[in-house]
Amino acid sequence: MKFFIDTANLDQIKEAQNLGILDGVTTNPSLMAKEGIHGEDRVRQHYVDICEIVDGDVSAEVISTDFEGIVTEGESLAALHEQIVVKVPMIKEGVKAIKYFSDKGIRTNCTLIFSAGQALLAAKAGASYISPFLGRLDDISTDGLNLIEEIRTIYDNYLFDTEILAASIRHPMHIIDCAKIGADIMTGPLSAITALLNHPLTDIGLEKFLADHAKNK
Ligand code: G3P
C-alpha cells in the first residue's frame, strides 16, 4: 500500500518524507488556502517546492470546470514538474478532460468520487488515480469503506489499471481498513500516519528494556 500525505504544509511533508514512508502528496484548493498560498504564481511555485521535497507523485488540482479550461490548466500544471498529476473533479467536463489527458500521456487523479458509478466512469476515461472521499461519506452516516470495497471489486473484475487512492482519511483505523480491503494508496493527514506508530505496550516494553539495561551497568 502506498502512503500519500494530504496537505500543502511543507514542514509536514518534510516530516513524512524523513520518516521514509512517503510515496506522494495530494493537495486541493482548500489545503492550499489553509497554508495561505494565494495567486497563480505562488500556487505554481508551491507545487514545485512540494515536488522537490517528495520522491513521488504530487496531485495538483484544476480550478476550471469546463473542458477547454481544464485542459489548458491541466497541461500547464503537468508541465511544471514530471511528478505532477493533474487532479480533475468528477463532472462531465472532467471525464472528457481525463480521456483527453489519458490519450496524451498526462496522468490524472479524478477527485470527489462518492459512488461506484463515478469510479467506473473515471476508470473508463483512463484516470491514473481515483479519489473516493471516505471520511466525508462517514460524516453523512454512509459507509465509506463499503464504497472502497465496491470499487475494488469492479476494478478487479475488469483489470482496470486505475489506482484506488482512498482520500479524506481521518484516523489510523481508516488506513488499516483500507489496507485490508486492498486500496492501492491512502492519503491522509500526518496525524493519522504517525498515530500508526503508537501502542501502549510498546511504550511499557521499551521502558522496561531500558530500565533493565540500566540495572546491568
Ligand atoms: O484531498 C482530498 C480529501 O482527502 C479531502 O479530505 O478531510 O477535507 O474530507 P477532507
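The values are calculated or read from the model by the stated rules, or taken from the named source; none is laboratory data. In this text, all values refer to a predicted model and were calculated from it rather than measured experimentally. Every residue, glycine as well, gets a Cβ built from its backbone with ideal geometry; the counts of neighbours run over all protein chains shown. In case anyone asks, the SASA skips ligands and DNA or RNA and just uses the protein heavy atoms, side chains included. Shrake-Rupley method; radii C 1.70, N 1.55, O 1.52, S 1.80 Å.
Which one, S59, Q45, T187, is farthest towards the positive end of the dipole of the chain when Lys and Arg carry +1 and Asp and Glu -1 on their Cβ?
Farthest towards the positive pole: T187.
Distance cut-off 30 Å, Cα to Cα: go down the list K2/K96; K14/K180; K124/K180; K14/K99 and report the pairs above it. Walk me through the numbers before you get to the answer.
Working: K2/K96 28 Å; K14/K180 27 Å; K124/K180 25 Å; K14/K99 33 Å.
With Cα atoms farther than 30 Å apart: K14/K99.
Restricting things to alpha carbons, tell me how big the range 44-105 is in terms of Rg and Dmax, in Å.
11.5, 34
Cα atoms only: what Rg and Dmax, in Å, come out for the range 1-81?
Rg and Dmax of the range 1-81, Cα atoms, are 12.8, 40 Å.
Based on C-alpha coordinates, I'd like the Rg and Dmax of the chain, in Å.
19.0, 72
Can you work out the Karplus-derived ³J(HN,Hα) for every residue in the range 5-11? Use 6.51 cos²θ - 1.76 cosθ + 1.60 with θ = phi - 60°, whole Hz, and x for glycine or proline.
Once rounded to whole Hz, the list reads 9, 9, 6, 10, 7, 5, 5.
Return the aspartates and glutamates within reach of K217: Cα separation strictly under 17 angstrom, same-chain partners fewer than 8 residues apart disregarded; answer none if there are no such residues.
Output for K217: E207.
Lys and Arg at +1, Asp and Glu at -1: add these up for the other residues within a Cβ distance under 12 Å of I70 and post the number. Can you show the working numbers first?
Details: positive: K87, K92, K96, K99; negative: E61, D66, E68, E73, E75, E93.
That sum, taken over residues with Cβ under 12 Å, equals -2.
Please calculate how many Å² of accessible area the chain carries per residue, with a 1.4 Å probe and no DNA, RNA or ligand atoms counted.
Numbers: 11010 Å² over 217 residues.
On a per-residue basis, 51 Å².
Search the structure for amide H atoms under 5 Å from the amide H of V58, placed 1.01 Å from N in the peptide plane, and list their residues when 5 or more places away or on another chain.
V25, I84, V85
Using a 1.4 angstrom probe on heavy atoms only, work out the carbon and sulfur share of the accessible area of the range 1-134 in %.
Details: 2930 of 5880 Å².
Ligands and nucleic acids excluded, carbon and sulfur reach 50 percent.
Kindly provide the helix-only [θ] at 222 nm of the chain, computed as the sum of -39,500 (n - 2.57) over DSSP H runs of four or more divided by all residues, to the nearest 500 deg cm²/dmol? Display every interim value, and only then the final one.
Values: 11 runs with 119 residues, N = 217.
Helices in the chain give a 222 nm mean residue ellipticity of -16500 deg cm²/dmol.
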